[in-house]
Amino acid sequence: MPEASLADWETDTAAYDMRPTLIIFGRLPLAGQCKTRLIPALGPEGAARLYSRMLRRIVQQACASRLGKVVVMLTPSPEHARQQPELAALLTDLEDQWRAESMAAYGKRITLEAQPQGGLGERMHQAMLRHLPAGPVLLMGSDLPALDSQRLREAARCLHDHEAVLQPSEDGGYGLIGLKAACPAAFQLDHWSHADVSRETLALLAQAGRSVGCLPVSWDVDEPHDLVRLRRHFPALMANLSSCQPA
């Protein structure tokens with residue numbers, strides 16, 4: 001699928017009418033509780049700082065795509081975080097950043113919600129159920145530096161022509177899934193941490209009779225070896241993280 005400019009998107013009436021809600025799964029960047037597999041390379045503070053930057057980037061790109069409503073679903077929930085001083089400070093800092101950026105790029109504020117309860121598949125399914133009554137939904141993770149506004153518009157175009165869209169990742173999982181209507185079967189995997197998640201999800205969607213469009217395979221940041229590519233392609237995300245490591 002050829003990439004489309006923002007001008008093309010704005011003049012594409014059919015695509016405009018199908019602008020999906022964008023849901024971002026994220027967590028508060030608390031040291032020692034996020035991106036734990038990166039701690040040996042960056043330390044707890046460095047891993048948390050990097051995660052905060054990646055979360056901020058995907059929020060920026062979602063707003064810049066000028067699609068539908070942008071929803072950040074957090075864990076712990078915003079309500080829980082506001083009751084604990086340390087978490088409340090983190091949440092307030094994120095909200096202050098996002099408020100200014102979303103108004104500048106998006107014209108309105110993003111929405112904060114709690115992630116649903118349950119395992120990953122159930123949480124994803126329930127998250128989509130909340131917003132599918134309003135139209136198509138794109139659901140994505142928060143550690144996908146290469147997922148930018150243009151790729152999100154490409155995903156929305158793909159949903160215009162298909163009932164589902166998936167962005168596979170190099171590790172065998174996927175970083176984004178989009179649906180026009182609820183499909184519980186798509187999230188009924190027995191296991192989620194293995195190299196066939198994307199392939200099995202495509203099979204489940206096919207079995208459910210859904211047509212699927214796939215975006216180009218991308219990459220996420222989970223392991224220390226991923227930091228080499230991140231530093232090469234997105235040096236600002238890696239700036240000054242070494243100072244967070246213990247001496």
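The values are calculated or read from the model by the stated rules, or taken from the named source; none is laboratory data. Remember, it's a predicted structure, so these values are computed and weren't measured experimentally. Using ideal geometry, Cβ is built from the backbone for each residue, glycine included, and neighbour counts are taken over all protein chains shown. Quick note on the areas: whole protein, heavy atoms, side chains included, nothing else; ligands and nucleic acids left out. Shrake-Rupley method; radii C 1.70, N 1.55, O 1.52, S 1.80 Å.
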Would you work out which of Cys158, Leu189, Leu202 lies farthest towards the positive end of the dipole of the stretch 146-235? Charges go on Cβ: Lys and Arg +1, Asp and Glu -1.
-> Cys158
For Gly175, the residues 5 or more places away or on another chain with a placed amide H closer than 5 Å to its own amide H are Gln167, Ser169
Report, in debye and to the nearest 20, how large the dipole of the chain comes out about its Cα centre when Lys and Arg carry +1 and Asp and Glu carry -1 on their Cβ.
-> 420 debye
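Translational D (Stokes-Einstein, µm²/s) of the stretch 100-247 at 37 °C and 0.692 mPa s when Rh comes from the Kirkwood sum over C-alpha pairs? Intermediate results must be reported in sequence, preceding the final value.
Numbers: Rh = 16.9 Å.
D = 194 µm²/s.
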Among 223-229, 145-151, how do they line up from the highest to the lowest mean number of other beta-carbon atoms within 10 Å?
-> 145-151, 223-229
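Nearest 20 debye, what's the magnitude of the dipole of the stretch 131-187 about its Cα centre given +1 on Lys and Arg Cβ and -1 on Asp and Glu Cβ?
On the way: 4 positive and 7 negative charges, 51 e Å.
Using Cβ point charges on Lys, Arg, Asp and Glu, the stretch 131-187 gives about 240 debye.
Can you compute the helix-only [θ] at 222 nm over the chain? Use -39500 (n - 2.57) per DSSP H run of at least 4 residues, normalise by all residues, nearest 500 deg cm²/dmol.
On the way: 10 runs with 111 residues, N = 247.
Rounded to the nearest 500, it is -13500 deg cm²/dmol.
Keeping the other protein chains in place, figure out the carbon and sulfur percent of the accessible area of the chain, with a 1.4 Å probe.
Numbers: 5580 of 11270 Å².
On the chain, the fraction of accessible area on carbon and sulfur atoms equals 50 percent.
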Rounded to 5, percent antiparallel among DSSP beta bridges of the chain | 35 percent
Would you pull out the residues with amide H under 5 Å of Glu113's amide H, same chain only if 5 or more places away, H placed 1.01 Å from N?
-> Val72, Met73, Leu74
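To one decimal place, what Kirkwood hydrodynamic radius in Å is obtained for the chain from all pairs of distinct Cα atoms?
18.5 Å
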Most positive-pole-ward Cα, Leu230, Trp98, Pro29, against dipole of the chain from beta carbon charges = Trp98
The chain accessible area per residue, 1.4 Å probe, protein heavy atoms, integer Å², reads 46 Å²
